1. At a 10 angstrom cut-off on C-beta neighbours, averaged per residue, how do the peptides 220-231, 67-78, 131-142 rank from highest to lowest?
2. Between [x] 64, 38, 28; [y] 57, 40, 35; [z] 54, 48, 31, which matches Cα extents along the principal axes in Å calculated for the structure shown?
3. Determine the gain in length on full extension of the stretch LEU177-GLN5; use 0.36 nm per residue of separation and subtract their C-alpha separation, reporting nm with one decimal.
4. Tell me which aspartates and glutamates have Cα within less than 18 Å of LYS200's Cα, excluding those fewer than 8 residues away on the same chain?
5. Rank the residues LEU238, LEU244 as a footprinting-exposure proxy: fewest other Cβ atoms within 10 Å of their Cβ go first.
6. Please sort 53-59, 24-30 by packing, taking for each peptide the average over its residues of neighbouring beta carbons within 10 angstrom, highest first.
7. Is it possible to state the helix-based mean residue ellipticity at 222 nm for the chain, with each DSSP H run of 4+ residues giving -39500 (n - 2.57), the sum divided by total residues, to the nearest 500 deg cm²/dmol? What is it?
8. For MET215, MET183, MET49, MET36, what ranking results if the residue with the fewest other Cβ atoms within 10 Å of its Cβ goes first?
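Laboratory data are not the source of any read-out in this text; all were calculated from the coordinates shown. Predicted model, so just to flag it, every value in this text is computed and none were measured. Methodologically, a virtual Cβ is constructed for each residue, glycine included, from the backbone with ideal geometry; neighbour enumeration extends over all protein chains shown.
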Amino acid sequence: MAAAQVIRSEWTKIRSVASTVWTLSLAVVVTLVLGMLISALSANEFDRMGARDRIAFDPTFVSFAGMSLGQLAMIVFGVLVVSNEYSTGMIRTSLAAVPQRGGFLAGKIGVATALALVVGLATGFAAFFLGQAVLGEYKASLGDEGVLRAVIGGGLYMTLIAVFSMGVATMLRSPMLSLGILMPFFFLISNILGNVDATKKIGRFLPDQAGSRIMQVVPPLDDDTPYGPWGGLGIMVLWVVAALAGGYLLLKKRDA
């Protein structure tokens, strides 16, 4: 099957499965609503903040507060894109139609990544503008130093979360097993490792913690993180590449 046909086929699969469409919609809504809520609370509390908190206040990063939950919907999207075919048994038909497994996986991941990127960037810009509107006098401007990078980075971050989940789902094949590992990892384990003194230096190299640096404009006070915004995103990209490579190797070796 030609590359164009593979891409068209994968686009049809994604578009025709209601759950993938709903998870992307949920990612957008949760990110925007929670971001506006946190921005409103921050604006209300600003006058009562201490001097150190005001210095470290990052209005851009505050508007992305909803991504902490929105990324969970992106994880579900990434898992469902890959594992739906395994759970229904359609993977055998797909691999029979596209025997070149590398081409099959590239088509699937490529189409889903492009869709996640469009949604991620649109969500990033919308979250920023809505959040800044709520912050009022404490807002940042898109033209301020580092802000445009952070906004675009927010979209890239959401995209990479989805692609990392696709790689993990390709390795594990089961949607329940994939979600059972990814959800606690990002929602609990990563936060625990990143906030406990004994493990903080390890936690900062996890994909979500490293990648989220791209969305920060004002670095935290007394921050000793050994990488900057682009370095953090680079670390996240390495995690994604490793997940995709693992998925490809296992797909190539295993029976459908």
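1. So the peptides 220-231, 67-78, 131-142, ranked by packing, come out 67-78, 131-142, 220-231.
2. Among [x] 64, 38, 28; [y] 57, 40, 35; [z] 54, 48, 31, the one calculated here is [x].
3. Gain on stretching LEU177 to GLN5: 58.9 nm.
4. Excluding near neighbours in sequence, the set is ASP208, ASP222, ASP223, ASP224.
5. Arranged by neighbour count, lowest to highest, LEU238, LEU244 become LEU238, LEU244.
6. Values: 53-59: 15.3, 24-30: 19.0.
Result, highest mean first: 24-30, 53-59.
7. Result for the chain: -24500 deg cm²/dmol, rounded to the nearest 500.
8. By the 10 Å Cβ count, ascending: MET49, MET183, MET36, MET215.
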